[in-house]
Structure formats: structure tokens, C-alpha cells
Amino acid sequence: MKPKLRKSNSIRWGILAAALLMMGIGIMNGEMQTVFEKAVNICLECIGIG
Amino acid sequence: MDKRKLVQALFAFTTNAHVQGFLHGKIYKGKLKNICVPGLNCYSCPGALGACPIGAMQAVEGSTRYGISMYLLGALAFIGIMMGRFVCGWLCPFGWIQELLYKIPCPCKKKKVPHKVNAVFKWVKYLVLLLVILLPILTVDQFGLTTPYFCKYICPAGTLEGGIPLLLTNPTLRRAIGFLFSWKMGLLIVTILAAVLIFRPFCRYVCPLGALYSLFNLISFYHYKVDHDKCTRCGKCAKVCKMDVTVYQTPNALECIRCGECIKNCPTKAISGVWGAKEHRIHPSGKHEHAPDI
């Protein structure tokens with residue numbers, strides 16, 4: 001594998017690991033619950049009312 | 001039927017499969033709403049089974065308990081690094097709606113947007129992305145509340161997918177219509193008219209989700225590759241690209257939505273979609289083979 005390809009591959013895997021880590025931290029902090037609470041109620045701003 | 005069109009339609013209907021919601025003017029309240037869909041799809045659409053990533057990001061960032069949303073940015077970075085703007089081309093319901101609108105015959109339809117216009121306005125979506133991330137954090141009031149600015153003042157998907165179906169079936173909501181709804185309807189009409197004339201104008205110039213995914217286009221696991229031994233630089237790929245990408249020069253440009261038109265139309269089969277570092281090449285025929293290193 002050429003160095004350029006190896007470098008871009010490392011970046012990919014690095015970002016993938018960071019993304020999964022961030023998701024994990026967010027879920028553990030309870031962000032999913034906030035998303036759920038927002039999503040199960042009609043968002044008046046989104047539909048142009050509120 | 002074109003494979004991509006089929007996937008777009010199936011994905012749009014599957015993620016908006018709560019049919020009862022359309023009949024009764026109510027939205028789905030089940031556990032799937034914990035999870036965000038990859039494309040732009042308003043969670044106040046009566047049929048929506050999942051959450052909108054942009055709306056959810058603003059909700060989390062506008063909450064008193066959090067700053068930057070790790071869950072949402074992580075999820076979007078995960079999707080982005082896996083496939084870049086493939087989501088825009090294959091999995092976004094609002095992108096699909098715009099493509100359907102572009103099929104409406106019109107004598108003043110533009111095959112290509114003037115290069116100078118495109119070159120300037122394509123950057124607007126990055127400004128919108130920056131505002132989507134920063135505004136909810138920077139404008140929290142003394143009670144810890146903020147406004148989802150993008151959803152409230154810009155997003156035409158909310159008006160089309162959420163506002164219109166809910167207002168048609170819910171008289172209580174209809175009584176609350178005011179200036180904001182007129183503003184949003186105006187923006188929706190402009191978007192619809194623009195989408196009849198130009199291919200996916202909202203995705204090109206406004207969508208913060210497309211802007212975020214585009215940042216991963218160059219390095220995503222799924223990307224396009226041009227075999228320069230086969231490429232004759234005939235320019236056919238650039239000619240057929242509705243997003244105005246010069247594919248043989250920049251196959252992974254920020255604007256590429258991975259629709260695959262260039263792959264299908266390349267006369268020498270020089271363009272292919274590849275997965276990951278091993279350059280596992282996928283030919284338009286569907287057959288796989290290992291390609292040599294870049």
C-alpha cells in the first residue's frame with residue numbers, strides 16, 4: 001500500500017473511531033432522551049406556527 | 001425503473017410509514033423517534049418514524065444541559081465518513097422530492113447553472129451549517145431557552161412535510177396560523193419553483209446536512225475513483241452531471257451526491273465507486289474486483 005493511501009486510510013479510521021466515541025458519549029449523557037422528547041411533540045417552529 | 005429512484009422512493013416511504021398520522025393529523029410517538037434518519041426529513045411530518053438530524057441537533061444544543069451535541073455530530077460524522085453525500089443522492093426524502101419536481105416540463109428549465117453563480121452560492125450552505133451549529137448555543141436566554149432558527153425561519157421541508165399535512169387535518173393548528181407560516185410558505189413556493197427550473201437547488205445552496213456530509217466526500221470509505229489509464233477526458237461525465245461536477249478531474253468534489261450518472265454514462269468505464277482502502281472496486285455491472293493501489 002502506498003504511503004498516500006495508507007495516510008488517508010488512517011484518517012478514515014480515525015474519524016470513524018472519533019464519531020463512534022462521540023455518539024457513545026452523547027448517548028451516555030442522555031442526549032437521545034432530549035431528541036426523543038423533541039421528536040414526539042409537534043415542533044411548532046418547524047411547521048411555521050410557533 | 002432506475003435502481004436509485006427505487007431506493008429513494010422506498011426509503012422515503014419507509015421512513016414516513018406512519019400512515020395513520022396523515023389521516024388523523026397526529027405524529028408518531030414511538031421509540032424509533034430516538035434515532036435520527038440520515039436525510040432531511042421533518043420529525044413533525046405525520047408519517048415520520050425517526051427524528052430529523054438538523055432539528056434534533058438544534059434541540060439538543062438549545063437545551064440547558066448540553067452545548068455541542070456529541071450524539072448528533074457523532075452520528076452525522078459516522079454516516080459522513082462511511083458514505084459522504086451518498087445520503088443526498090440516495091436516501092434523502094427532500095432531495096427526492098426536488099428531483100421529482102425537476103421532472104416537471106418547463107420551457108425555461110436550466111440544464112446547467114452558470115458556473116459563476118454556482119461558484120458563489122454553493123458556499124451559502126456552509127454558512128447555514130455554521131449557524132445551525134452555533135446559533136442555538138450562542139443565543140440561549142436567561143431561562144436556558146433558544147430557538148431552532150433553521151427549522152423556524154428557513155427549512156421548507158418542515159412546511160411541506162409537517163406543516164401542510166398537519167394543518168389540513170388539524171383545525172386547532174389551523175387557527176394558530178400567522179405571519180411565520182406565510183413566510184415559510186413563501187420560502188417553500190420559492191424552493192418548489194426553483195426545483196422545477198434547477199436540479200436540487202436546496203441541496204446545492206442551502207442544506208446544512210448536505211454541507212456537513214460534503215466535508216467527508218474526499219475521505220469517505222465509499223468514494224469515486226477515475227482510472228486515468230482508461231479515461232480519455234472526453235468530458236461526458238461532466239456533461240451528464242446535474243450537480244455540475246467535473247468528475248474526471250475531481251471525482252470526490254464537495255458537490256458530488258454519488259448519483260452514479262457519471263459511472264453509467266462513461267463510455268470507457270473509467271469511473272467506479274470504491275469502498276475503503278483496499279480499493280474494492282464496484283463496476284456498474286455489479287461485479288466486484290480488487291483494484292490496484294492509487
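List of remarks:
- Subset tally (residues that are in a helix (DSSP H, G or I), crowded, with 22+ Cβ neighbours inside 10 Å and without any contact (Cβ under 8 Å) to a residue 24 or more places away in the chain) for region B:52-71: 3
- Filtered by the rule that a residue be small (Gly, Ala, Ser) and surrounded by fewer than 18 Cβ atoms within 10 Å (Cβ to Cβ), region B:227-255 gives B:Gly235, B:Ala238.
- When A:Met28 is tested against (1) of a type in the set (A, V, I, L, M); (2) more than 30 Å from B:Pro165 (Cβ to Cβ); (3) within 7 Å of chain B (Cβ to nearest Cβ), just one condition goes unmet, and that condition is (3).
- Taking the numbered list (1) within 13 Å of chain A (Cβ to nearest Cβ); (2) touching a helix residue (DSSP H, G or I) at 6+ places or on another chain (Cβ under 6 Å) in turn, B:Val7 passes all entries but (1).
- Qualifying helices (runs of 4 or more DSSP H) (wholly inside region B:122-226; at least 1 residues being without any contact (Cβ under 8 Å) to a residue 12 or more places away in the chain, surrounded by fewer than 21 Cβ atoms within 10 Å (Cβ to Cβ) and polar (S, T, N, Q)): B:171-174, B:179-197
- Cβ pairs under 8 Å, 6+ apart, first in region A:10-24 and facing chain B (nearest Cβ under 7 Å), second aromatic (Phe, Trp, Tyr) and open to solvent by 40 Å² or more (accessible area, probe 1.4 Å): A:Leu16/B:Phe78; A:Ala19/B:Phe78; A:Leu20/B:Phe78; A:Met23/B:Phe78
- Search result, residues across region B:72-105 that are within 14 Å of chain A (Cβ to nearest Cβ) and either open to solvent by 10 Å² or more (accessible area, probe 1.4 Å) or touching a residue at least 60 places away in the same chain (Cβ under 8 Å) (or both): B:Leu73, B:Ala75, B:Leu76, B:Ala77, B:Phe78, B:Ile79, B:Gly80, B:Ile81, B:Met82, B:Met83, B:Gly84, B:Phe94
- For B:Cys42: the one exception among (1) within 16 Å of the chain's Cα centre (by Cα); (2) more than 9 Å from chain A (Cβ to nearest Cβ): (2)
- The one condition in (1) farther than 27 Å from B:Pro46 by Cα; (2) open to solvent by 20 Å² or more (accessible area, probe 1.4 Å) that A:Ala19 fails to fulfil: (2)
- Residue within region B:78-98 that is modelled with pLDDT of 90 or more and at positive phi present: yes
For every residue, the table says whether it meets (1) outside the structural domain of B:Leu138 (by TED's automatic domain parsing); (2) under 26 Å from B:Cys256 (Cβ atoms); (3) assigned to a helix (DSSP H, G or I).
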| position | (1), (2), (3) |
| --- | --- |
| B:Tyr43 | no, no, no |
| B:Leu76 | no, yes, yes |
| B:Pro105 | no, no, no |
| B:Lys109 | no, yes, no |
| B:Lys116 | no, yes, yes |
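The values are calculated or read from the model by the stated rules, or taken from the named source; none is laboratory data. It should be emphasised that the depicted structure is a prediction, and the values quoted were computed from it without experimental measurement. Cβ sites come from the backbone with ideal geometry, for glycine too, and all protein chains shown count toward neighbours. Calculation scope for accessible area: heavy atoms of the full protein, side chains included, ligands and nucleic acids excluded. Shrake-Rupley method; radii C 1.70, N 1.55, O 1.52, S 1.80 Å.
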